[in-house]
Amino acid sequence: MSRRTRIFIGILLIYTAGIAFLLYRVVSDIDPRYRESAEESLVETSQLIASLVEQDVIAGAITTARLEPLFRTVYAREFSAQIYNLHKSRVELRVYVTDRSGRVVFDSLGRHLGADYSQWSDVNRTLAGLYGARTSRDVDGDPRTSVMYVGAPIRWNNEIVGMVSVGKPVQSFGQFVEDARARTLWVGVGSGLALLLLAVIVSVWLVRPFGLISDYWTWVRAQRTLSVSRMARRAVDALRTGFSEMRDALTGRNYVADYVQTFTHEVKSPLSAIRGAAELLQEPSMPHAERERFLKNIERETQRIQEIVDRMMELTALETRRGLDRTEPVPLASLIEDIAISAQPAAAQRNISVKVNIRNEASTEGDPFLLRRAISNLLDNAIDFSPPESEVLLTLETTTKLARVTVRDRGPGIPDYAQEKVFQKFYSLARPHSQKKSTGLGLAFVKEIAALHRGRIELGNAARGGAVATLTLPLLPASHH
């Protein structure tokens, strides 16, 4: 995975984490806000009932005879109230009254008459002249049975002689909480996706207006026969290109700075060699043989710089392409055989044989020139790393939807430390026969060609020694061969 891809994924993760944290805070804050609203209503209701009970206090004694028929009637009432998405058909409010010692003298549900409630915070705090409230569960371990209680004092001659506690099951407004949570999550997720879509639109369409559609339309008009499957694949490629451009825009990818840095690093060594040789050539007493050696050294290092520049320009041009301008069916078998024949002279210089194994005929859709460059590069690498008197095997095989071109040599293989670096720009291993390195751009070039053809390239060690490169490409249906 490249550095820019890691940066882009990092930005997406930070963005996702920020949206998730914001949603978490908002959603987790919904329940407390509803409880606050419900508690505020309970405060008023408890004060109202406490005032009602105070009218019947006689010499400091609490009388609740008025409350019993009142709640019996209230609980028996039939009504139907549609409150947004909540349908309510019964009163769930509950009330109990205690004397100054905390003993229950009235319970609207008739469950705890005579019980000692002095240990409950809503009771003991209210009797002490403070604000008292609590939330308790009717069934231990079941949060759905939680009930909120708020107390109000009952006074006689400015003395607290008892208290009223009004309770409301949390489940009665829990439906509002769940509905609000669901709506908030949908709005949050929808907003996050909308912002991401906006980033795609801004990055792709505003940076390069109608570029992808124009390229796609040009490609469609260039086709002799229209195929729905090929048009769909091309559309997917266009979307993938747009996503890549969005990623590059978000991560601030800078090709110029990237290549200046890498180019400077790579040409430093040959430039130093050229400068050293030039300084030595200024010596008038240098023997002719030495002078010839240094001149050849200058020529060799100059050629190396020229090769780096040429390959880098090719790679830069390839990376900046949005897609393949023109494609055609490419018969891979004949292409591989032609490449093998072209490589025979270079291989024969070191007594290396190049063999071809065509297991299945196969074609892919793409640019034959670029595919030839990619496979030739893999074959040249295999020849460079092969020992004398050995062979390099080119194989073509297919699966249901893919064509695989493998190039295997009998060389030393890829060291463990180089496994993750072989596709990096300017990374190269010394050739066994010459101990010299290449430009380190060949495999990066192959990787870009594979990506343009919706394929991939893999390089590893073979089971019985040597290295094996596998170029995987989409298989063209038999009707298009």
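Could you figure out which of (1) crowded, with 20+ Cβ neighbours inside 10 Å; (2) at pLDDT below 90 isn't true of residue 481?
The one condition residue 481 does not meet is (1).
Restricting attention to the range 125-134, does a residue exist that is of a type in the set (D, E, K, R), within 15 Å of residue 168 (Cβ to Cβ) and under 49 Å from the mean Cα position of the chain (by Cα)?
Yes, the range 125-134 has at least one match.
Out of the range 144-181, which residues are within 30 Å of residue 57 (Cα to Cα), aliphatic (A, V, I, L, M) and in contact (Cβ under 8 Å) with a residue 60 or more places away in the chain?
148, 150, 152, 154, 160, 161, 163, 164, 166, listed by residue number.
Would you mention how many residues in the range 9-40 are farther than 18 Å from residue 181 by Cα and more than 33 Å from the chain's Cα centre (by Cα)?
The total comes to 2.
Hey, could you check the range 429-468 for residues that are touching a Ser or Thr at 6+ places or on another chain (Cβ under 7 Å) and of a type in the set (Gly, Ala, Ser) and say which is modelled with the highest pLDDT?
Among those that are touching a Ser or Thr at 6+ places or on another chain (Cβ under 7 Å) and of a type in the set (Gly, Ala, Ser), it is 455.
Having 3 or more residues that are at negative phi and at pLDDT 95 or above is the bar; report the strands (runs of 3 or more DSSP E) wholly within the range 82-142 that clear it. Reasoning before the result, please.
Details: elements: 86-88, 94-99, 104-107, 133-137.
Because the criterion is at least 3 residues that are at negative phi and at pLDDT 95 or above, the strands (runs of 3 or more DSSP E) in the range 82-142 that meet it are 94-99, 104-107.
In the range 339-377, what count of residues is obtained for those that are at pLDDT below 85 and basic (Lys, Arg)?
1
In the range 156-193, which residues are surrounded by 18 or more Cβ atoms within 10 Å (Cβ to Cβ) and basic (Lys, Arg)?
168, the sole residue that qualifies.
Consider residue 108 carefully, then state whether it is within 18 Å of residue 40 (Cα to Cα) and either of a type outside the set (D, E, K, R) or in the same structural domain as residue 45 (by TED's automatic domain parsing) (or both).
no
Could you list, in sequence order, all residues of the range 330-352 that are farther than 19 Å from residue 446 by Cα and touching a Ser or Thr at 6+ places or on another chain (Cβ under 8 Å)?
347, 350, 352
Consider residue 32 against the criteria (1) surrounded by 12 or more Cβ atoms within 10 Å (Cβ to Cβ); (2) without any contact (Cβ under 8 Å) to a residue 60 or more places away in the chain: it satisfies all of them except one. Which criterion is unmet?
With (1) surrounded by 12 or more Cβ atoms within 10 Å (Cβ to Cβ); (2) without any contact (Cβ under 8 Å) to a residue 60 or more places away in the chain applied to residue 32, the lone miss is (1).
Considering only residues that are of a type in the set (Asp, Glu) and assigned to a helix (DSSP H, G or I), look in the range 52-75 and name the one that is modelled with the lowest pLDDT.
Across the range 52-75, the extreme among qualifying residues is 68.
Just to be sure, is residue 129 crowded, with 16+ Cβ neighbours inside 10 Å and touching a residue at least 12 places away in the same chain (Cβ under 8 Å)? Outline the logic, then answer.
Values: crowded, with 16+ Cβ neighbours inside 10 Å: no; touching a residue at least 12 places away in the same chain (Cβ under 8 Å): yes.
In short, no.
Being without any contact (Cβ under 8 Å) to a residue 40 or more places away in the chain, surrounded by fewer than 17 Cβ atoms within 10 Å (Cβ to Cβ) and either within 15 Å of residue 151 (Cα to Cα) or among the acidic types (Asp, Glu) (or both) narrows it down to one residue among 103, 90; which is it?
One residue alone meets the criteria, 103.
Can you find even one residue in the range 412-434 that is surrounded by fewer than 16 Cβ atoms within 10 Å (Cβ to Cβ) and touching a residue at least 60 places away in the same chain (Cβ under 8 Å)?
yes
The values are calculated or read from the model by the stated rules, or taken from the named source; none is laboratory data. Quantities reported herein were computed from a predicted structural model and do not represent experimental measurements. All Cβ positions, even for glycine, are placed from backbone atoms using ideal geometry, and neighbour counts span all protein chains on display.
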